């Protein structure tokens, strides 16, 4: 990875601070007919749930996209968990082609989009590049995206970073959103961080 970054001097570094009211957690296409074939899918769901739980606790908004839900089904129930998140249906791979989604972004004046879900090399990649071109700060939790094949996932992550997205992890983003152990929510955030995955 370092070799590729050194060979691309145009790679941007974005140090935008994550403020709760300027940040959106975007969950892309975690639908039953797609997630079943994703490598390490249960760990992926576990990490996305940690991000969701943190965002709900810290009042960071969450939105969901669904690729052709009539054919591929809705977002899996463990992600929704009886919450009514804004939901955007699409046929295009990039969420940015959905006018309702773009209007939603503009309405709340988001600056930072944490993008997680599937598949890394298709909808995550195309959505993120489009949003980067619109001037948004895109953060990618390495353990919060997935594809059916490892090479697709790894290559997509590399291209995302070379395109200007910020590489991160689930735990790092949780702590970045929380910022300090002094805040009243930290005890609950700490519990989220300490959750361990068991398959």
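What follows draws every value from the coordinates through simple rules; no lab data is involved. Nothing here was measured: the structure is a model prediction, and the numbers come from that model. Cβ sites come from the backbone with ideal geometry, for glycine too, and all protein chains shown count toward neighbours.
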As a test of the formula, what do you get for the chain when each DSSP H run with n ≥ 4 contributes -39,500 (n - 2.57) and the sum is divided by the residue count, at 222 nm and rounded to the nearest 500 deg cm²/dmol?
-12000 deg cm²/dmol
From the Cα centre of region 120-176 to that of region 54-106, the distance in Å is 17
Classify region 63-149 from the C-alpha gyration tensor, please: rounded if a/c falls under 1.5, else prolate or oblate depending on whether a/b exceeds b/c.
rounded
Largest to smallest principal axis extent of the C-alpha atoms in region 90-138, angstrom
27, 21, 17
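Determine the percent antiparallel among the DSSP beta bridges restricted to the chain, to the nearest 5.
Working: 1 of 24 bridges.
Counting DSSP beta bridges with both partners in the chain, the antiparallel share is about 5 percent.
Sort 116-126, 48-58 by the packing proxy (mean of other Cβ within 10 Å over each peptide's residues), most packed first. List each step's numbers first, then the result.
On the way: 116-126: 24.3, 48-58: 20.3.
Result, highest mean first: 116-126, 48-58.
How many percent of all Cα-Cα pairs in the chain sit more than 22 Å apart? Walk me through the numbers on the way to the answer.
Numbers: 8852 of 19701 pairs.
Every Cα pair in the chain considered, those over 22 Å come to 45 percent.
Find how much the distance from residue 106 to residue 176 grows on full extension, using 0.36 nm per residue of separation minus their present alpha carbon separation; answer in nm with one decimal. Kindly include the intermediate steps, with their values, before the conclusion.
Numbers: separation 70, 0.36 × 70 = 25.20 nm, distance 2.34 nm.
Contour length minus the Cα-Cα distance gives 22.9 nm.
Kindly state, to the nearest 0.05, the FRET efficiency for residue 42 paired with residue 83, given R0 = 22 Å and r defined as their beta-carbon distance.
0.60
Which of rounded, prolate, oblate describes region 137-199, given a ≥ b ≥ c as roots of the alpha-carbon gyration tensor eigenvalues and a/c under 1.5 marking rounded, otherwise prolate only if a/b is larger than b/c? Please report the intermediate quantities before stating the final value.
Working: a/c = 5.04, a/b = 1.67, b/c = 3.02.
Verdict is oblate for region 137-199.
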